[in-house]
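Engineer: Below is the structure I would like to discuss, written out as C-alpha cells.
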Amino acid sequence: MDALAEAPTAPRVRRPRPAPITVTANAAARIADLIAKAPEAAAGVRLTTPKRGCSGLAYSLTYVTEAKPGDEAVATPGGTLFIDGGSLMYLIGSEMDWAEDDFAAGFVFNNPNAKGQCGCGESFTV
C-alpha cells in the first residue's frame, strides 16, 4: 500500500471572510450611542435598503433584538451591525460613516455599487 494513501488529511480551515462593509470610527461610536439609548435591550442595529425615494433604494437603520436568518453580522467597536440578507448585494464594498455639521447629522454611505442618487442624497440606484 502506498504511504501517501495512509496519511491522514488535515481538516480544511476556512479563512474568515472580510466584512462586507467598512464602518468608520465615527459610525461605530454613533452605533454604540444608539444601542445605549435603545428603548429596549438591543442586540444591535440592522441596515436595510428598502425601495423608496426618488432613485429607488434608501438606507434604513432599525434596532434589533436578535439576528434574522440571512443577516450578515458585522462586529464593530460600538456594537453589532446586522445587514439584511436581501440588501447585502447592494452594499458590498461600502463605507459607512457618521458626519455632523452645523446643519445636519447622519450616516453617510460611500457605496461603490450606487450608479446614481437623488438630489437630496436620501436614495440611490444600482
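Engineer: Taking the conditions exactly as written (touching a Phe, Trp or Tyr at 6+ places or on another chain (Cβ under 6 Å), more than 13 Å from T24 (Cα to Cα) and open to solvent by less than 70 Å² (accessible area, probe 1.4 Å)), does A67 satisfy them or not? Can you show your working first?
Structural biologist: Details: touching a Phe, Trp or Tyr at 6+ places or on another chain (Cβ under 6 Å): yes; more than 13 Å from T24 (Cα to Cα): yes; open to solvent by less than 70 Å² (accessible area, probe 1.4 Å): yes.
Yes.
Engineer: Next up: In the stretch 39-49, what count of residues is obtained for those that are open to solvent by less than 40 Å² (accessible area, probe 1.4 Å) and farther than 20 Å from S94 by Cα? Lay out the reasoning, then the answer.
Structural biologist: If we filter the stretch 39-49 for residues that are open to solvent by less than 40 Å² (accessible area, probe 1.4 Å), which is where we start, we get 42, 44-49.
Filter once more, so that each one left must be farther than 20 Å from S94 by Cα: 42.
So the answer is 1.
Engineer: Another question, if that's okay. State yes or no: is A36 of a type in the set (A, V, I, L, M) and surrounded by 16 or more Cβ atoms within 10 Å (Cβ to Cβ)?
Structural biologist: For A36, the condition - of a type in the set (A, V, I, L, M) and surrounded by 16 or more Cβ atoms within 10 Å (Cβ to Cβ) - is not met.
Engineer: Wholly within the stretch 11-115, which strands (runs of 3 or more DSSP E) include no fewer than the required count, namely at least 3 residues that are at pLDDT 90 or above?
Structural biologist: Values: elements: 44-48, 60-64, 72-76, 79-83, 95-100, 105-110.
Output list reads 44-48, 60-64, 72-76, 79-83, 95-100.
Engineer: Separate question: Here are some conditions: (1) out of contact with any Ser or Thr (no Cβ under 7 Å at 6 or more places or on another chain); (2) touching a residue at least 40 places away in the same chain (Cβ under 8 Å); (3) exposed (fewer than 13 other Cβ atoms within 10 Å of the Cβ); (4) not small (G, A, S). R17 meets all but one. Which one does it not meet?
Structural biologist: The single condition R17 does not satisfy is (2).
Engineer: With respect to the numbered conditions (1) of a type outside the set (G, A, S); (2) more than 18 Å from G106 (Cβ to Cβ); (3) open to solvent by 30 Å² or more (accessible area, probe 1.4 Å), which one is the sole condition not fulfilled by R52?
Structural biologist: Here R52 clears every test but (2).
The values are calculated or read from the model by the stated rules, or taken from the named source; none is laboratory data. Keep in mind it's a predicted model, so treat the numbers as computed, not measured. Note: ideal-geometry Cβ built from the backbone for every residue, glycine included; neighbour counts use all protein chains shown. Ligands, DNA and RNA are stripped out before the accessible areas are found, and what is left, the full protein with its side chains, is counted by its heavy atoms. Shrake-Rupley method; radii C 1.70, N 1.55, O 1.52, S 1.80 Å.
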